[in-house]
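Notes follow once the structure below has been shown.
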């Protein structure tokens, strides 16, 4: 008889909370079904945190083919958002690994479970479209209020400024110090101080160098 190996994933929001209850119920589920537990992966982080070491380890072991099912106590234990949840589920699906959530009775090895998976995909796409629309509306609103987007313009430098900058540079003042004093970038200071000849001879280059 083929052995079914499963992985248990649990998560609690803080170090003060215990995930023992989640693990206990999932172990009992595996025992009832006659499954072998390959490993238990336990994260103790907020659901909004991007870094989940144990989830990353679980996915790495999934790619190595160490188990065929992933068990969670509740579906929100797995993903920090609908989009993230779907990303994890899609990864498992591609690897041929079934997902089972105890509390919601979701099992992607069944047609009903796959239907829920499809619905989640639609919700995630809707979530992404809402985010894109909010960003677009925010940019339009900012433009209507006259807010300039992007990097702020650097200080306009005159020929006199450049001459003074070169004199200071000759005495040992660093590019970084000059950039801070004249309100421009280190790269611009370096370029202007490296230009040969008089400052007035390089008006076209100056226009290119400062904005």
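Pairs of alpha carbons in the stretch 5-110 separated by more than 22 Å make up 21% of all such pairs.
Once the chain from residue 91 to residue 166 is taken as fully extended at 0.36 nm per residue, the excess over their C-alpha distance is 21.2 nm. Between residue 31 and residue 115, what FRET efficiency comes out of the Förster formula 1/(1 + (r/R0)^6) with R0 = 30 Å and r the beta carbon distance, rounded to 0.05? So the FRET efficiency works out to roughly 0.60. Taking 0.36 nm per residue of separation and subtracting the current Cα-Cα distance, fully stretching the chain between residue 132 and residue 13 would add 40.0 nm. Each of 71, 157, 192 was scored by other Cβ atoms within 10 Å of its Cβ. Arranged with the fewest first, they read 157, 192, 71.
Between residue 142 and residue 76, residue separation times 0.36 nm minus the direct Cα-Cα distance comes to 20.2 nm. Only residues of the stretch 81-97 count here: report those whose backbone N is under 20 Å from the spot 7 Å along Cα→Cβ of residue 63, or say none. Counting only backbone N, you get 84-97.
Values quoted throughout were computed directly from the atomic coordinates according to the rules given, and no laboratory measurement underlies them. Just so it is clear, the model here is predicted, and its values are computed rather than measured. Neighbour counts run over all protein chains shown; Cβ positions are idealised from the backbone, glycine included.
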